[in-house]
1. Would you pick out the residues in the stretch 61-113 that are surrounded by fewer than 17 Cβ atoms within 10 Å (Cβ to Cβ) and of a type in the set (D, E)?
2. Restricting to the stretch 52-111, give me the number of residues that are of a type in the set (S, T, Y), within 18 Å of the chain's Cα centre (by Cα) and in a loop (DSSP other than H, G, I, E, B).
3. So for the stretch 46-59 (the condition being small (G, A, S) and on the phi > 0 side of the Ramachandran plot), does at least one residue qualify?
4. Conditions first: (1) at pLDDT below 95; (2) buried (at least 16 other Cβ atoms within 10 Å of the Cβ); (3) part of a helix (DSSP H, G or I). T43 passes all but one, so which condition is the exception?
Amino acid sequence: MFMRTAATFAAVVAISAALSAAAFAQQQDGEAAHSPIDLGKMTFAQKCSHCHGPNMVNSGTITPDLRRFPDDQPRFVTTVKQGKNGRMPPWGDILSDDEITALWAYVSSRRAQ
């Protein structure tokens, strides 16, 4: 009887550990795939790269090099939402607040040191 109980207990512990490890790995993958920087990078590629260049690399003559944008999130958000100087169109009706926040995370991660 003791051997059967011990074997059952060991099996339950092993299965629980395996399931916990699998759930943890899935959670880690899910978080990495949907980080704000990743979402910002995807949004940038779809909505911003046409003017600001792939990976924010452009000549800097028509549009600013966003890797040099100051560490000023309110200014960034206002510029994205309202546009700027008649050159940059407003995106406030197109992008969600979450997308703009993610764009800021991406731009900040690429800031020139």
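1. Once the filter is applied, which keeps residues that are surrounded by fewer than 17 Cβ atoms within 10 Å (Cβ to Cβ) and of a type in the set (D, E), the stretch 61-113 yields D65, D71, D72, D93, D97, D98.
2. Adding up the residues that qualify gives 1.
3. Yes, that holds for at least one residue.
4. Among (1) at pLDDT below 95; (2) buried (at least 16 other Cβ atoms within 10 Å of the Cβ); (3) part of a helix (DSSP H, G or I), the lone unmet condition for T43 is (1).
The values are calculated or read from the model by the stated rules, or taken from the named source; none is laboratory data. What you are looking at is a predicted structure, and each value in this text was computed from that prediction instead of being measured. Here Cβ is always computed from backbone atoms with ideal geometry, including for glycine, and neighbour counts include all displayed protein chains.
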